[in-house]
Amino acid sequence: MAELHPILPFAGDVPKHDTAVLVVDMQRAFMSDTDSFGRSGIDVSPLRAAIPGCVKLVNLARASGVPVIFTRYVYMPGMVDFGARHGVAPEARIAGNSLGYGTDEIELIPELGVRPDEVVIDKSRPSAFYGTRLEPVLTGMGIRNLIMCGVTTNICVETTARDAGQRDYGTYVVKDAVAEFLPERNHYALFGIAWMFGFVVELAQVERSWAAVPASRVG
């Protein structure tokens, strides 16, 4: 494999005020080989690498008074919003009601312990901003910075990060709390985000930055 271009480093502080953690699509379908993706021949096992980092970031946010918002990739009954049939195994996914409304596989993984008062945004496209209530929710909560984690780095995380950056949100993607099917795709998604749309950080940087900010400053 050719040497990969280095990701631009981030040396500042990760904001805690006016900030939310956005957990992208940490659903059973993307973690279990026995659900629709696995049955259609897609190996989802690389995506499970995101679980420990996401759990740690979510717990850190809750302990720090930072709100947590989750997204789910969900199609309406009948898959009427599936869209153009492109990508990996679309016909098999449609036939298997992949990510279909009401199925168990759309649920967020239990390791995250989603709380009743935490916001869950459903979407049917890679970006969490496209056709959803995310932006009105962020406005209502006074959020101007997003700390992002989840799957997959190259698709839903990157697309959401691009849309967040273009809306002038402070956009931070936690590289040890995301995962992708192929390491090259993971790397260059982060490379592109850091080059133009936001910052790529590590969990340790988030933890260190937030520890230095008094709790009373949290929005």
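The values are calculated or read from the model by the stated rules, or taken from the named source; none is laboratory data. None of the values given here were measured: they were computed from a predicted structure. Backbone-built Cβ (ideal geometry, glycine too); neighbour counts: all protein chains shown. Only protein heavy atoms, including side chains, enter the accessible area calculation; ligands, DNA and RNA are left aside. Shrake-Rupley method; radii C 1.70, N 1.55, O 1.52, S 1.80 Å.
How about segment 119-219: which helices (runs of 4 or more DSSP H) wholly inside it have at least 1 residues that are open to solvent by 10 Å² or more (accessible area, probe 1.4 Å) and touching a residue at least 40 places away in the same chain (Cβ under 8 Å)? Walk me through it before giving the result.
On the way: elements: 134-141, 158-166, 183-192, 203-211.
Passing ranges, in order: 134-141, 183-192, 203-211.
Report, by residue number, each residue of segment 63-99 that is at pLDDT 95 or above, assigned to a helix (DSSP H, G or I) and either out of contact with any helix residue (DSSP H, G or I) (no Cβ under 8 Å at 6 or more places or on another chain) or open to solvent by 60 Å² or more (accessible area, probe 1.4 Å) (or both).
Within segment 63-99, just A63 meets the criteria.
Just a yes or no: is a residue in segment 79-92 of a type outside the set (S, T, N, Q) and in contact (Cβ under 8 Å) with a residue 60 or more places away in the chain? Steps first, please.
Here is the first cut: in segment 79-92, the residues of a type outside the set (S, T, N, Q) are 79-92.
Checking which are in contact (Cβ under 8 Å) with a residue 60 or more places away in the chain leaves us with none.
Scanning segment 79-92 turns up no residue that is of a type outside the set (S, T, N, Q) and in contact (Cβ under 8 Å) with a residue 60 or more places away in the chain.
Show the residue pairs meeting these rules: Cβ distance below 6 Å; 6+ apart or different chains; first residue within segment 58-78 and closer than 19 Å to D122 by Cα; second residue polar (S, T, N, Q) and surrounded by 20 or more Cβ atoms within 10 Å (Cβ to Cβ).
Pairs that qualify, where the first residue is closer than 19 Å to D122 by Cα and the partner is polar (S, T, N, Q) and surrounded by 20 or more Cβ atoms within 10 Å (Cβ to Cβ), are R72/Q27.
Can you find, within segment 1-36, the residue that is most open to solvent (accessible area, probe 1.4 Å) among those that are among the charged types (D, E, K, R) and assigned to a loop (DSSP other than H, G, I, E, B)? Break it down stepwise before answering.
Of segment 1-36, the ones among the charged types (D, E, K, R) are 3, 13, 16, 18, 25, 28, 33, 35.
Restricting the remaining residues to those that are assigned to a loop (DSSP other than H, G, I, E, B) gives 3, 13, 16, 18, 25, 33, 35.
Values: E3: 169, D13: 122, K16: 15, D18: 51, D25: 1, D33: 68, D35: 9 Å².
Applying the filter and picking the extreme gives E3.
Would it be correct to say that V55 is surrounded by 15 or more Cβ atoms within 10 Å (Cβ to Cβ) and part of a loop (DSSP other than H, G, I, E, B)? I'd like the intermediate steps shown before the answer.
Details: surrounded by 15 or more Cβ atoms within 10 Å (Cβ to Cβ): yes; part of a loop (DSSP other than H, G, I, E, B): no.
No, not satisfied.
Among the numbered conditions (1) among the small types (G, A, S); (2) under 24 Å from T171 (Cα atoms); (3) surrounded by 16 or more Cβ atoms within 10 Å (Cβ to Cβ), tell me where S40 comes up short.
(2)
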